[in-house]
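Novice: Below is a structure I'd like to ask you about.
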Amino acid sequence: MTRWNAKKLLPAIAVFTVMGCTGLASLQGKTFAGQTTTPPAATTPKPKITRAFTPTENNALVVKVYNGAWNQGKLELLDQYIAPNGLDHSPLSTETGTAGFKKIISSFRSAMPGLKLTIEDEVYNKDRVVHRWKVQGKHTGAPLFGVPASGKDITLTGVSILRMENGKIAERWTNLDQFGLLAQLGIIPPPKAPPAAPK
């Protein structure tokens, strides 16, 4: 049995107390009276690798998603480029994920086959992308907001503000001309023309 000399151990204990982990680390691989010290394995998690996307890259990504989803019906792009916990803010509610956005695009594409979304203005800086857009098509398909196919040419305009994070859409705010759309569908009367200016 190995016997330890307490008087000789006291100075070493004092040094370990002051040095803490640094002193213990210096003992790695050394043998004392037939014993080997091994420090515990590191458990620090690896940092998540991300990269910064430029404003130009962010804008190109949004253009790709909007053109693909609206004009080509590639709704899988929404799952690919919208964050799983992404927030979609509309005038009526806030939804998480892609379900609400998919439903809106699908309903318009079903009601107006061959519709086209055009981005008319682009502004992007840091992590924000702003687009002024319009959707145009002929209402010849499924009912839209309960209105059967009317054969009318429909134009919907709006502005979207998007916050980007790690190459994905993290948040989206949209303001659109709801009253103009409802008037075109005949749900509400069209606005009255302004009175003529006095001569």
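Only the coordinates and a few stated rules stand behind these numbers; no lab work does. Here the structure is a predicted model, which is why all the values come from computation and not from measurement. Cβ: placed from backbone, ideal geometry, glycine included. Neighbour counts: every protein chain shown.
Novice: All but one of (1) under 21 Å from residue 60 (Cα atoms); (2) hydroxyl-bearing (Ser, Thr, Tyr); (3) more than 14 Å from the chain's Cα centre (by Cα) hold for residue 110; state the number of the condition that does not hold.
Specialist: Among (1) under 21 Å from residue 60 (Cα atoms); (2) hydroxyl-bearing (Ser, Thr, Tyr); (3) more than 14 Å from the chain's Cα centre (by Cα), residue 110 violates only (1).
Novice: Going through segment 155-182 one residue at a time, which ones are in contact with a Pro (Cβ under 9 Å, 6 or more places away or on another chain), outside any strand (DSSP E or B) and not hydrophobic (A, V, I, L, M, F, W, C)?
Specialist: Across segment 155-182, the qualifying residues are 178, 180.
Novice: Out of segment 95-115, which residues are in contact with a helix residue (DSSP H, G or I) (Cβ under 9 Å, 6 or more places away or on another chain) and closer than 18 Å to residue 178 by Cα?
Specialist: Correct list: 101, 105, 108, 109, 115.
Novice: Does residue 150 qualify as being without any contact (Cβ under 8 Å) to a residue 40 or more places away in the chain, of a type outside the set (A, V, I, L, M, F, W, C) and under 24 Å from residue 76 (Cα atoms)? Working first, answer last.
Specialist: Numbers: without any contact (Cβ under 8 Å) to a residue 40 or more places away in the chain: yes; of a type outside the set (A, V, I, L, M, F, W, C): yes; under 24 Å from residue 76 (Cα atoms): no.
When the stated conditions are applied, residue 150 does not pass them.
Novice: Still on this structure, I have one more. Given (1) within 12 Å of the chain's Cα centre (by Cα); (2) surrounded by 14 or more Cβ atoms within 10 Å (Cβ to Cβ); (3) not charged (D, E, K, R), where does residue 166 come up short, assuming only one miss?
Specialist: (2) is the only condition that residue 166 fails.
Novice: Can you pull out every residue in segment 138-195 that is closer than 30 Å to residue 55 by Cβ and β-branched (Val, Ile, Thr)? Before the answer, list the steps.
Specialist: So in segment 138-195, the residues closer than 30 Å to residue 55 by Cβ come out as 155-178.
If the condition is that a residue be closer than 30 Å to residue 55 by Cβ and β-branched (Val, Ile, Thr), then 155, 157, 159, 161, 169, 174 are the ones that fit.
Novice: Residues that are among the charged types (D, E, K, R): list the strands (runs of 3 or more DSSP E) wholly contained in segment 47-154 that include at least 3 such residues.
Specialist: Details: elements: 82-89, 94-96, 116-125, 128-138.
Result: 116-125, 128-138.
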